[in-house]
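S.K.: The structure under discussion is supplied below as structure tokens; questions concerning it will follow.
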Amino acid sequence: MIIPAPIQNLINALSRLPGVGPKTASRLTFFLLNAPDELSRDLAEALLNLKSSTAYCQVCFNITIAGRSECEICANPDRDPGVICVVEEPLDVIAIERTDGFQGRYHVLHGVLSPIEGIGPEDLKIRQLMERVRNGGIQEIILATNPSMEGDATAMYLGQQLQPHRIRITRLARGLPVGGDLEYADQSTLLRALAGRQEMG
Ligand SMILES: [Zn+2]
């Protein structure tokens, strides 16, 4: 049976999403085909707005609303500008914010160092982090990359780069599931890891 192009197009597009195989993509497509028009319209509108209505914070590179240069956290005078928590992805910011145990600010790297995938320091927001440090006023940098091989290697690299700056450099305590993502850690585990953070040597 030949699948009409408009249907196949959506199946192909959905199949490119992480965690969605061709089978799920087909199921979702046929679901939408049979659902009220409104659902497709809402979905299409939300998808189009996703990129056009968001931007990266020019300070920490977290996600913000388009047209704003700073995210809500950077713009909040109650957040301690002297403590910066360095994370891999914006989702990690959300995970740490959920714990309610961090009053500092963030810096989102947008990835990790990965020689295998050809991702070097210049591909991440590392230069921008160093700039923030050079601008002064920072007492502590918490390296909160994932407890994976790449996350550890990235933390180690950053630790070396930051060492000459004479600021406290800490790494989240062990106890997070190794190889796991920060975003999947439960709140209490993450809170403990944050509270028990240790100086990097
Ligand atoms: Zn920000």
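S.K.: Taking the chain as the reference, fit the longest principal axis to its C-alpha atoms, fit the long axis of helix 149-162 to the helix C-alpha atoms, and give the angle between the two in degrees, 0 to 90, nearest 10.
M.R.: Around 40 degrees separate the two axes.
S.K.: For segment 145-201, rounded, prolate or oblate, judged on the Cα gyration tensor with a ≥ b ≥ c (square roots of eigenvalues), a/c < 1.5 rounded, else prolate if a/b > b/c?
M.R.: The shape class here is oblate.
S.K.: Using 0.36 nm times the number of residues separating PHE30 and ILE119, minus their current alpha carbon distance, what extension gain do you get?
M.R.: Gain in length upon complete extension: 28.2 nm.
S.K.: Still on this structure, please answer the following. So what is the relative contact order for the chain, in percent, with contacts set as C-alpha pairs under 8 Å and at least six apart?
M.R.: Result for the chain is 15 percent.
S.K.: In degrees between 0 and 90, to the nearest 10, how far off the longest principal axis of the chain does helix 90-99 point, with axes built from Cα atoms?
M.R.: Between helix and principal axis, roughly 70 degrees.
S.K.: While we're here: Rounded, prolate or oblate: which fits segment 118-163 when a ≥ b ≥ c are the square roots of the eigenvalues of the alpha-carbon gyration tensor, with rounded for a/c under 1.5 and prolate only if a/b beats b/c?
M.R.: Oblate, since a/c reaches 1.5 and b/c is not below a/b.
S.K.: Output ³J(HN,Hα) for segment 103-113: one whole-Hz value per residue in order, computed from phi by the Karplus curve 6.51 cos²θ - 1.76 cosθ + 1.60 with θ = phi - 60°, and x for Gly and Pro.
M.R.: Per-residue couplings from phi come out as 10, x, 10, 10, 9, 9, 6, 6, x, 9, 5 Hz.
S.K.: With each run of n ≥ 4 DSSP H residues scored as -39500 (n - 2.57), what mean residue ellipticity at 222 nm is computed for the chain after dividing by its residue count and rounding to the nearest 500 deg cm²/dmol?
M.R.: -13000 deg cm²/dmol
S.K.: If one computes P(r) from the Cα atoms of the chain, what percent of pairs lie at distances over 24 Å?
M.R.: 51 percent
S.K.: Compute the long axis of helix 37-52 from its Cα atoms, compare it with the longest principal axis of the Cα atoms of the chain, and write down the angle in degrees, 0 to 90, nearest 10.
M.R.: 30 degrees
S.K.: Quick one: length gained pulling GLU38 to ARG79 fully straight, 0.36 nm per residue minus the C-alpha distance?
M.R.: Gain on extension, GLU38 to ARG79, equals 10.7 nm.
S.K.: How far is the Cα center of segment 1-49 from the Cα center of segment 141-175, in Å?
M.R.: When both Cα centres are located, 41 Å separates them.
S.K.: Now a separate question. Using a/c under 1.5 as the rounded threshold, could you call segment 73-189 rounded, prolate or oblate? The axes a ≥ b ≥ c are square roots of the C-alpha gyration tensor eigenvalues, and prolate needs a/b larger than b/c, oblate otherwise.
M.R.: Judged from the Cα gyration tensor, segment 73-189 comes out oblate (a/c at least 1.5, b/c at or above a/b).
Read the figures in this text as sums done on the coordinates, not as results from a lab. It should be emphasised that the depicted structure is a prediction, and the values quoted were computed from it without experimental measurement.
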